[in-house]
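*Asks:* I'd like to ask you about the structure that follows.
The values are calculated or read from the model by the stated rules, or taken from the named source; none is laboratory data. Everything quoted here is computed from the prediction, not taken from an experiment. When we count neighbours, we look across all protein chains shown, and the Cβ atoms used for this are built from the backbone with ideal geometry, even at glycine. Quick note on the areas: whole protein, heavy atoms, side chains included, nothing else; ligands and nucleic acids left out. Shrake-Rupley method; radii C 1.70, N 1.55, O 1.52, S 1.80 Å.
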Amino acid sequence: MIAAEALAAGVDTPTLCELAGWPRNADARDIRDAFEQALAEAGIGLPDRGLARRHALRRMAASLVDGDMTPADLATDDWWEMEIETAAEQSFVALIPQCDCCIEYTLGLDQHTWAAQLRNAAFALTSSPPIGPGC
């Protein structure tokens, strides 16, 4: 879908056209390689891994604020291992449990307080100055 949306927005490269026709269940490595090739053809560089993770963290916080994710949905990645650069990022990441089974184990009966704190931290992160283009 991202490839099709990019084509609709006017980004047109041979690899992007090919990628737009691929099925959803195509191999993730093949998709990534083709997407990187399409970006190179368009003269667009990928951000480094750390910056990409920071952008993803901000998008995840926005999804929580918008109600597109639940607090439990956040415990799906190794967020505690990423390099934190701002206080808003630290406040948000500090509240994300390492796995979904840890939510009940570490929070006990105080899940409502945790969910409220997490939403507040997500709002603070999304309200903070953007870290660069794309956020």
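*Asks:* Mind putting together the pair-distance distribution for the range 30-80? All Cα pairs, 10 Å bins, whole percent per bin, short to long.
*Replies:* Per 10 Å bin, starting at 0, the Cα pair percentages come out as 21, 37, 31, 10.
*Asks:* Turning to a different aspect of this structure: Could you size up the charge dipole of the chain around its Cα centre, putting +1 on the beta carbon of Lys and Arg and -1 on that of Asp and Glu, and report it in debye to the nearest 20?
*Replies:* Roughly 300 debye for the chain.
*Asks:* So, in nm, how far is label Met1 from label His112 when the simple model puts each one 7 Å beyond its Cα toward the Cβ?
*Replies:* A separation of 3.4 nm, rounded to one decimal place.
*Asks:* Starting from one equal scatterer on each C-alpha and no solvent at all, send me the Debye-based log10 I(q)/I(0) for the range 7-58 at q = 0.15, 0.18, 0.24 Å⁻¹, two decimals.
*Replies:* Per q value, in the given order, log10 I(q)/I(0) is -0.49, -0.68, -1.00.
*Asks:* Here is a further query. Under the 0.36 nm per residue contour assumption, what length would be gained going from the current alpha-carbon distance of Glu81 and Ala20 to full extension?
*Replies:* Residue separation times 0.36 nm, minus the Cα-Cα distance, leaves 18.7 nm.
*Asks:* Here's something else I'd like to know. Given the -39500 (n - 2.57) contribution per DSSP H run of 4+ residues, what per-residue ellipticity at 222 nm results for the chain, rounded to the nearest 500 deg cm²/dmol?
*Replies:* -18000 deg cm²/dmol
*Asks:* Pull out the extension gain between Ser127 and Asp33, defined as 0.36 nm times the separation in residues minus the alpha carbon to alpha carbon distance; nm, one decimal.
*Replies:* Between Ser127 and Asp33, full extension yields 30.5 nm more.
*Asks:* Express the relative contact order of the chain as a whole percentage, based on alpha carbon pairs under 8 Å and six or more residues apart in sequence.
*Replies:* Relative contact order here is 22 percent.
*Asks:* Could you state the accessible area per residue of the chain in Å², with a 1.4 Å probe and every protein chain left in place?
*Replies:* Spelled out: the 1.4 Å probe surface of the chain, per residue, equals 64 Å².
*Asks:* Quick query: amide H of Thr13 versus all other amide H atoms, modeled in the peptide plane; which residues come in under 5 Å with a sequence gap of 5 or more or a different chain?
*Replies:* none
*Asks:* Separate question: Under 10 Å, Cα contacts only: if you run a Gaussian network model on the chain, which one of Asp48, Asp73, Asp27 comes out with the highest mean-square fluctuation?
*Replies:* Answer for the Gaussian network model of the chain: Asp27.
*Asks:* So, one more: Which ³J(HN,Hα) values, rounded to whole Hz and listed in residue order, are derived for the range 115-128 from phi using the Karplus coefficients 6.51, -1.76 and 1.60 in 6.51 cos²θ - 1.76 cosθ + 1.60 with θ = phi - 60°, glycine and proline given as x?
*Replies:* Computed from phi, the couplings for the range 115-128 are 4, 5, 5, 5, 5, 4, 5, 5, 5, 4, 5, 5, 8, 6 Hz.
*Asks:* If you line up the Cα atoms of the chain on their principal axes, what length do they span on each, largest first, in Å?
*Replies:* 54, 32, 25
*Asks:* Could you tell me what percent of the accessible area of the chain is made up of carbon and sulfur, with a 1.4 Å probe and every protein chain present?
*Replies:* 54
*Asks:* Just to check I understand the Karplus step: with θ = phi - 60° and J = 6.51 cos²θ - 1.76 cosθ + 1.60, what whole-Hz values come out for the range 24-32, glycine and proline as x?
*Replies:* For the range 24-32, the Karplus curve yields 4, 8, 5, 4, 4, 5, 5, 4, 4 Hz.
*Asks:* What is the gain in length, in nm to one decimal, between Val11 and Ala94 on full extension, counting 0.36 nm per residue of separation less the C-alpha to C-alpha distance?
*Replies:* That pair, Val11 and Ala94, stretches by 26.1 nm at full extension.
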